[in-house]
Structure formats: C-alpha cells, structure tokens
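Beneath this line is the structure, given in structure tokens, with notes to follow.
The values are calculated or read from the model by the stated rules, or taken from the named source; none is laboratory data. Note that this is a predicted model, so its numbers are computed, not measured. As a convention, Cβ positions derive from the backbone with ideal geometry for all residues, glycine included, and neighbour counts pool all protein chains shown. Remember, those area values only see protein heavy atoms, side chains included, never the ligands or the DNA or RNA. Shrake-Rupley method; radii C 1.70, N 1.55, O 1.52, S 1.80 Å.
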Amino acid sequence: MNPTTDPALRSFVPVAADSHFPIQNLPYGVFRPKSGGAPQIGVAIGNQVLRVAVLEERGLLRVLSQVPQRVFGEQTLNAFLALGPAAWREARAAISRLLRSDEPTFRDDPSREHAFIAQKDVEMVLPVSIGDYTDFYASREHATNVGTMFRGADKALMPNWLHLPVGYHGRSSSIVISGTDLHRPHGQMSASDTGPPTFGPSKALDFELEVASVIGVGNELGQPITVDRALEHVFGLVLLNDWSARDIQRWEYVPLGPFLGKNFGTSISPWIVTLDALEPFRAPGPVQDPQALPYLRSIGDATYDIQLEVTLQGHGMNCAHCISRSNFKHLYWSLAQQVAHHTVNGCNLRAGDLLASGTISGPSADSYGSMLELAWKGTRPIVFPNAETRSYLQDGDQITMTGWCQGKGYRVGFGEVTGRILPAIV
C-alpha cells in the first residue's frame with residue numbers, strides 16, 4: 001500500500017469525519033486570500049489550506065530531488081505538473097509526512113500557523129493555465145439516451161461510437177472556476193431541422209455532469225502516448241459542468257459539432273485530486289464489446305469508483321434538491337483510452353490541458369447526468385416539493401455537483417463545482 005493513502009493515517013490538522021480533504025487526499029489548488037494578495041498554490045487539508053510555498057521558504061521541501069526550489073512559488077500549477085510523476089509523488093509524500101500527527105517537524109513548529117489559511121478566507125481561482133480543452137462523449141448510457149430521443153432506439157448509437165472515444169475541441173477561454181455565475185446565452189434556434197431559424201436567448205439551457213483529466217506531462221508533436229502509459233501523463237481530476245444550450249446546439253451542430261451551444265461557459269471545481277489519491281478506488285470499467293482496436297486495449301482496472309451527485313436550487317426554493325446520483329465508473333471509454341486516442345495521430349498534449357469525460361449517466365433514470373435526460377427532452381418534467389417543475393434550467397437556478405470516493409472511515413473528495421444561471425444580457 002502507498003503510505004500516503006493508508007486509512008489509518010491521521011493529521012495534526014483537525015479533519016471532520018465527512019470532510020472531502022483528509023490527509024489521504026491532499027488535492028492541489030490555487031487561491032487568493034480574501035484580504036488581498038497574489039494567487040498562491042495550496043493543498044487542502046480539512047477546512048484549511050496549506051501554503052506550500054511556505055514549506056519551500058522554510059527549507060522543509062529542500063529534500064525533494066525531483067522538485068526544483070520555488071516551483072510552488074508560481075501562480076499556477078503548470079510548472080509543477082510538467083515535472084512528471086516522480087516529482088508529483090515525491091512532493092505528495094513529503095507534504096503527507098509533514099502533516100502527520102506523529103511527525104513533530106512541522107507539528108511542533110510554533111510558527112506553523114502562518115503556513116495555513118482557512119478555506120473560508122480564500123477565493124479559489126483556476127489552478128492551471130488551460131491551453132487546450134477537449135470534451136469527450138464517453139458514456140454509453142448518455143449517448144444511447146440522446147440518440148434514442150433524436151434518432152430512435154434502433155439508431156441510438158452512431159456506427160463509430162463503440163469503436164472510438166468520440167470527442168470535440170472546446171473553448172478554453174470560457175472555462176471558469178466554481179462559483180462563477182453565467183448569463184443565459186443568445187443564439188440561433190429552429191423548431192425543425194430545416195429552419196428557418198430565430199434568434200434569442202436559449203430556451204433549453206442544461207448542465208452536464210462530467211469529470212475532467214488535468215494533463216501533467218505532455219508529449220512531443222508526432223509522438224503518440226500508448227494506452228498502457230497514458231495515466232503517467234494525467235496529474236489528476238476535477239469535476240466539470242459543461243453548460244449546454246440544447247436548442248442552439250441542435251440547430252448548429254451539423255456537420256461540425258457543437259459551437260455556440262457549448263462555448264459560453266464551462267465550470268470546474270477548484271481542487272485537483274491526484275491519481276495517487278484515487279488509486280485505492282480503482283475499479284473495473286464496463287465490458288467493451290466489440291473489443292477495441294489494439295491501440296485502445298488496456299489491462300487491469302480501468303476506472304475509479306467516484307460517487308457523483310447533482311443538486312438544483314431555484315430562486316423560489318428554500319433548499320437544494322438532489323436530482324441525480326451517478327458514478328464515474330459508468331464511463332464506457334476510460335481516461336487512458338481517451339488520452340491514447342487523442343494522441344494516436346501525433347497530437348501533442350501540454351501541461352494544464354483539460355480532457356473532459358462527457359456527460360456521465362448511469363443505467364437508471366435517477367442517475368442521468370443532464371436535464372435533457374432527466375426530463376426526457378421535456379416530456380417528463382422534474383417535480384419539486386414546492387410544486388415547481390423543470391424541463392430545462394430557469395434563470396436563478398443554481399446547479400451544484402459534488403463527488404467523492406468512500407474509504408474506510410474517510411472520504412477522498414473533490415469539493416464541489418457550482419454555478420447559477422443569470423438572465424440573458426439584453
């Protein structure tokens with residue numbers, strides 16, 4: 001067992017039993033103190049943020065052979081990510097050791113309080129500079145549901161879907177941190193596939209429950225990443241809400257795919273949970289039939305058991321209501337297969353790139369990952385306790401997604417990604 005994921009491990013920093021951030025997690029993020037100052041790299045522990053640069057300044061990380069001095073003094077994680085898995089693990093092991101309840105070096109340092117800041121006293125910002133963003137379509141249940149609605153059950157999956165991870169190139173400039181509110185987008189829409197179109201605010205605004213890989217080490221142009229080495233290039237995962245304007249997307253997507261229906265905003269959670277923290281929760285993925293082509297075949301547990309939930313709170317609701325419970329392990333195409341397929345033509349990935357999973361839907365109606373599915377294209381509106389209904393999102397609706405892996409007596413969690421829909425700009 002990796003000592004940093006030992007269930008018996010405890011920190012001198014108090015951690016609540018239901019916290020997403022025990023010592024077994026130690027996710028990385030970038031924050032700015034609400035009192036002012038430049039962005040800093042931090043690690044979440046309990047309800048605190050550890051200022052990693054302080055450890056460097058005090059010489060507590062000088063033992064790291066793989067991590068150059070001051071890499072944690074940057075305002076994004078890109079430089080650290082580019083160092084690769086050996087450096088990631090060495091840094092994680094050192095931080096874990098310093099936070100242990102039985103390790104006196106940092107625990108008994110009278111000035112250590114300056115190395116911590118409460119999470120309530122910080123503003124989280126994007127943890128990496130995102131150069132490129134790819135969104136996959138990796139859930140068989142989601143693809144089948146959408147295909148059934150628009151093409152019929154006998155043509156639900158396109159002929160290529162069971163042979164490759166379908167994806168498209170998204171817009172990185174409109175990726176925002178959790179807590180950022182977004183205006184309802186304008187665009188062209190048509191009641192039929194043949195037009196004519198009208199222009200105005202979207203009437204079919206939706207969320208998409210996703211998880212995204214944050215690329216650490218990239219690859220050279222022309223050099224594919226093999227499926228058995230793919231996870232060495234993934235630093236960790238974040239939750240992702242790929243907001244979608246279904247009516248705009250439906251009119252525009254032929255023949256080149258989504259455009260304005262997607263690129264008005266994509267929200268991510270602030271803490272990157274490392275693959276090392278997720279390793280105890282590896283799980284087998286769905287059986288792939290037909291068998292994938294050789295370059296996509298992998299051996300062993302291909303995915304992770306990450307429980308996912310989505311809540312909605314409308315302007316007139318006194319609390320949030322859970323509308324979906326799903327799991328990352330439902331994805332048909334794994335992270336490794338996504339990376340391998342993305343680069344098989346020689347495409348180069350870079351540190352900080354984001355590869356989203358696509359909507360994660362499970363096999364039951366309460367595990368669907370979008371309003372399009374939950375309300376089945378508007379034919380089965382969701383009814384809330386105050387008698388309000390939803391087929392799509394209304395102005396003032398707040399969507400919150402959370403995810404965690406359940407260990408023995410602890411959770412490795414992602415926190416949340418949340419955002420509210422504001423009225424369209426006139």
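How many of the residues in the range 382-414 are assigned to a strand (DSSP E or B) and either surrounded by fewer than 23 Cβ atoms within 10 Å (Cβ to Cβ) or among the aromatic types (Phe, Trp, Tyr) (or both)? So the answer is 11.
When only residues in the range 247-263 that are at pLDDT 95 or above and touching a helix residue (DSSP H, G or I) at 6+ places or on another chain (Cβ under 6 Å) count, which is most open to solvent (accessible area, probe 1.4 Å)? If we take residues in the range 247-263 being at pLDDT 95 or above and touching a helix residue (DSSP H, G or I) at 6+ places or on another chain (Cβ under 6 Å), then 259 is most open to solvent (accessible area, probe 1.4 Å).
Close Cβ contacts (under 6 Å, 6 or more residues apart or on different chains) running from residues in the range 347-368 that are within 18 Å of residue 262 (Cβ to Cβ) and in contact (Cβ under 8 Å) with a residue 24 or more places away in the chain to residues that are β-branched (Val, Ile, Thr) and open to solvent by 10 Å² or more (accessible area, probe 1.4 Å) comprise 354/130; 355/134. Pairs linking a residue in the range 287-309 that is in a loop (DSSP other than H, G, I, E, B) to a residue that is buried (at least 16 other Cβ atoms within 10 Å of the Cβ) and β-branched (Val, Ile, Thr), with Cβ atoms under 6 Å and 6 or more positions apart or on different chains, are 298/227. Summed over the range 362-381, the residues that are crowded, with 16+ Cβ neighbours inside 10 Å and either of a type in the set (Val, Ile, Thr) or more than 22 Å from the chain's Cα centre (by Cα) (or both) give a count of 3.
Within the range 206-229, being without any contact (Cβ under 8 Å) to a residue 24 or more places away in the chain and open to solvent by less than 70 Å² (accessible area, probe 1.4 Å) holds for no residue. Every listed requirement among (1) open to solvent by 20 Å² or more (accessible area, probe 1.4 Å); (2) in contact with a His (Cβ under 9 Å, 6 or more places away or on another chain) is met by residue 136 save one, (1).
Name the residues in the range 310-339 that are among the aliphatic types (A, V, I, L, M) and either free of Cβ contacts under 8 Å to residues at least 12 places away in the same chain or surrounded by fewer than 24 Cβ atoms within 10 Å (Cβ to Cβ) (or both), would you? Break it down into steps so the answer makes sense when it comes.
So the first thing to find is which residues in the range 310-339 are among the aliphatic types (A, V, I, L, M), and the list is 310, 312, 317, 320, 323, 331, 335-336, 339.
312, 317, 320, 323 - these are the residues of the range 310-339 that are among the aliphatic types (A, V, I, L, M) and either free of Cβ contacts under 8 Å to residues at least 12 places away in the same chain or surrounded by fewer than 24 Cβ atoms within 10 Å (Cβ to Cβ) (or both).
Among residues of the range 142-193 being of a type in the set (Gly, Ala, Ser) and assigned to a strand (DSSP E or B), the one that is least open to solvent (accessible area, probe 1.4 Å) is 187. Selection of the range 219-250 for residues being under 19 Å from the mean Cα position of the chain (by Cα) and over 30 Å from residue 391 (Cβ atoms) yields 230, 231, 232, 233, 234, 235, 236, 237. Just wondering, is there one or more residues in the range 271-282 that are in a loop (DSSP other than H, G, I, E, B) and either at pLDDT 95 or above or not hydrophobic (A, V, I, L, M, F, W, C) (or both)? Scanning the range 271-282 turns up at least one residue that is in a loop (DSSP other than H, G, I, E, B) and either at pLDDT 95 or above or not hydrophobic (A, V, I, L, M, F, W, C) (or both).
Determine, yes or no, whether residue 372 is closer than 25 Å to residue 165 by Cβ, outside any strand (DSSP E or B), touching a strand residue (DSSP E or B) at 6+ places or on another chain (Cβ under 9 Å) and among the aliphatic types (A, V, I, L, M).
Numbers: closer than 25 Å to residue 165 by Cβ: yes; outside any strand (DSSP E or B): yes; touching a strand residue (DSSP E or B) at 6+ places or on another chain (Cβ under 9 Å): yes; among the aliphatic types (A, V, I, L, M): yes.
Spelling it out, residue 372 is indeed closer than 25 Å to residue 165 by Cβ, outside any strand (DSSP E or B), touching a strand residue (DSSP E or B) at 6+ places or on another chain (Cβ under 9 Å) and among the aliphatic types (A, V, I, L, M).
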